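Peer 1: Below you will find the structure I want to go over with you.
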Amino acid sequence: MKKLQAPVLQGLLFKQKQAKYRFHMPGHKGKLLEIYKPLVENLLALDFTEINGTDDLYNATGILKEGLKLLTKDRKSKNSFYLTNGTTVGILASIIALTNNGDSILMAKDCHKSVYNAVELNKLNPIIIENEIAGSGLVYPINENTILKALEKNQGIKMVVFSRPNYYGLCNDIDNLSKYCTKNNIYLLIDEAHGSHFSYSSKLPKSAMELGAHISVNSFHKTMPAFTQSSVLNLNENLTDYECAKILNTVEKLQTSSPSYLLMSSIDIARAYMEEFGEEKLKALKENIEYFYSEIENLNWLKVPIYPTKYTKDYSRIILETKVPAINVQNYLEKNNIYIEMISKNILVLITSTEDTKEDFKYLAKILNEFEPNNINIIKKSENTSSNITPLDGELIELANSSGKTLKENIIIYPPGSVYLKSGDKISQKDITYINTLLESGINIYTDFNKNINFLYVAID
Ligand SMILES: Cc1ncc(COP(=O)(O)O)c(C=O)c1O
């Protein structure tokens, strides 16, 4: 048969051979779980649409209703819902449903870009709290007290949003904050994209639903064995039936009208699997990670950071601080078939899940032990596309000449998909220096519109 021109498939088949050790999402790690076999072995046969008997997500009365009922029980929510467009759509829908043009929203600077996009789409007034960032590039969550003080100072805020855990697995307290928000009619939306697995182990932080947030959104695909894009929206008891209906109706407006049965089955399977085996498997994972730490403790170029005690940490998220540029270590790991989730300047972020085995950690430790920090490595420069689209109501100028100009697009660091500067911000010389440092560290940074960080779309003076 003639070789088909299918570069995506061919590229993935090639990458699959290289990426043998996956310390990145999705949480199934490319391994075929027994519980997935009925789905995976009948992938095409089970890729249904809404016909008699398969139900309809937006008017569920049959198998989806049953699945949602089990999901709601599992999440300890008032109502949980399948998202087949990832956590992104859950965040967009929640913010758009519960706020009106001109409302104030209190958010952490390191919020995911979907929060910034919702702010832009609903023309909200963002009040942004800056995160503390360590020299290594590690970002800390915002303290509960800082958020409470900001709420006291800025009366009339409609909603508070931040990620918990953050990309580094760190969680702030939200007990008092959720009580304050409920009492003062302020919605608390927790982006719990990275915390889907929390409720399956008492050694993990408590979930946002348990702690009284109004809304949380989980990316099942990040830390649980689920296909990419499989997320869930959780609505809590402190929302009225009308508020819940409004949010779900907005999901229906923003999400695909053909939610994939493969993704919804995947959410169903991941939930059932974690309910049955989660506790035991997470316990084994914790032991394997402790073993891994003991195997690398003598390395003088690598350490596990110590965090301020005011934060709780998800033990499943491995954060390693490097004395050498993290990009060099990432390149070295990739040469040895190990792929990780993300780097910042001197930080490696590894996503682990119940599917990582002791063998995986043994190999990772062995390869790290063989790393020669004194070898000169060439830093891989991050690549930019260069489209140079001509804007209608602004101008494109070089990054180097942009100090003092007002941005007309967001500047995004990806991963993790956080917004460094948003549209409307003034660019300073300090920003230009910082962006150049990120580029030199091999970190991907691009713009919303033109995608090329060397050129920025700015307002004409
Ligand atoms: C903190 C955070 N929130 C939200 C999202 C979006 O999640 P999804 O990819 O499920 O749409 C991400 C994705 O990386 C994330 O890191």
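The values are calculated or read from the model by the stated rules, or taken from the named source; none is laboratory data. Not measured: the values here are computed from a predicted model. Glycine also receives a Cβ, built like all others from the backbone with ideal geometry; neighbour counts cover every protein chain displayed. In case anyone asks, the SASA skips ligands and DNA or RNA and just uses the protein heavy atoms, side chains included. Shrake-Rupley method; radii C 1.70, N 1.55, O 1.52, S 1.80 Å.
Peer 1: Within segment 75-84, which residues are part of a loop (DSSP other than H, G, I, E, B) and more than 14 Å from the ligand (Cβ to nearest atom)?
Peer 2: Kept after step one, since they are part of a loop (DSSP other than H, G, I, E, B), are these residues of segment 75-84: 76-78, 84.
Once the filter is applied, which keeps residues that are part of a loop (DSSP other than H, G, I, E, B) and more than 14 Å from the ligand (Cβ to nearest atom), segment 75-84 yields LYS76, SER77, LYS78.
Peer 1: Show the residue pairs that are 6+ apart or on different chains and have beta-carbon atoms under 6 Å apart, the first residue being within segment 215-240 and more than 12 Å from the ligand (Cβ to nearest atom) and outside any strand (DSSP E or B), the second being of a type outside the set (D, E, K, R) and open to solvent by 20 Å² or more (accessible area, probe 1.4 Å).
Peer 2: Listed by first residue and then by second, the contacts come to PRO225/HIS28; ASN238/THR182.
Peer 1: Could you tell me which residue of segment 252-306 is farthest from SER94 (Cα to Cα), considering only residues that are open to solvent by less than 20 Å² (accessible area, probe 1.4 Å) and among the polar types (S, T, N, Q)?
Peer 2: Ranking the candidates gives SER266 first.
Peer 1: Related question: Restricted to segment 85-115, and to residues that are assigned to a loop (DSSP other than H, G, I, E, B) and either more than 10 Å from the ligand (Cβ to nearest atom) or without any contact (Cβ under 8 Å) to a residue 40 or more places away in the chain (or both), which residue is most open to solvent (accessible area, probe 1.4 Å)? If you could, list the steps in order and put the result at the bottom.
Peer 2: We begin by selecting, within segment 85-115, every residue assigned to a loop (DSSP other than H, G, I, E, B); these are 85, 99-103, 109-111.
Applying the additional criterion that residues be either more than 10 Å from the ligand (Cβ to nearest atom) or without any contact (Cβ under 8 Å) to a residue 40 or more places away in the chain (or both) yields 99-103, 109.
Details: THR99: 6, ASN100: 91, ASN101: 114, GLY102: 50, ASP103: 34, LYS109: 43 Å².
Going through the qualifying residues, I end up with ASN101.
Peer 1: LEU4 versus (1) more than 24 Å from TYR273 (Cα to Cα); (2) outside any helix (DSSP H, G or I); (3) at pLDDT 95 or above: which is the lone unmet condition?
Peer 2: Status for LEU4: all satisfied but (3).
Yes/no per residue for (1) at pLDDT 95 or above; (2) open to solvent by 50 Å² or more (accessible area, probe 1.4 Å); (3) in contact with a helix residue (DSSP H, G or I) (Cβ under 9 Å, 6 or more places away or on another chain); (4) part of a loop (DSSP other than H, G, I, E, B):
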| position | (1), (2), (3), (4) |
| --- | --- |
| LEU151 | yes, no, yes, no |
| LYS158 | yes, yes, yes, no |
| VAL161 | yes, no, yes, no |
| SER178 | yes, no, no, no |
| LEU188 | yes, no, yes, no |
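Peer 1: If you go through segment 202-210 one residue at a time, do you hit one that is in contact with a Leu (Cβ under 9 Å, 6 or more places away or on another chain), within 11 Å of the ligand (Cβ to nearest atom) and touching a residue at least 12 places away in the same chain (Cβ under 8 Å)?
Peer 2: No - not one qualifying residue is present in segment 202-210.
Peer 1: So which pairs qualify, if the first residue must be in segment 8-36 and farther than 27 Å from LEU348 by Cβ and assigned to a helix (DSSP H, G or I), the second must be at pLDDT below 95 and not basic (Lys, Arg), the Cβ gap must be under 9 Å, and the two must be at least 6 apart or on different chains?
Peer 2: GLN10/LEU4
Peer 1: Right, something else. What tally of residues in segment 417-444 results from selecting those that are touching a residue at least 40 places away in the same chain (Cβ under 8 Å) and within 19 Å of GLU120 (Cβ to Cβ)?
Peer 2: The qualifying residues number 5.
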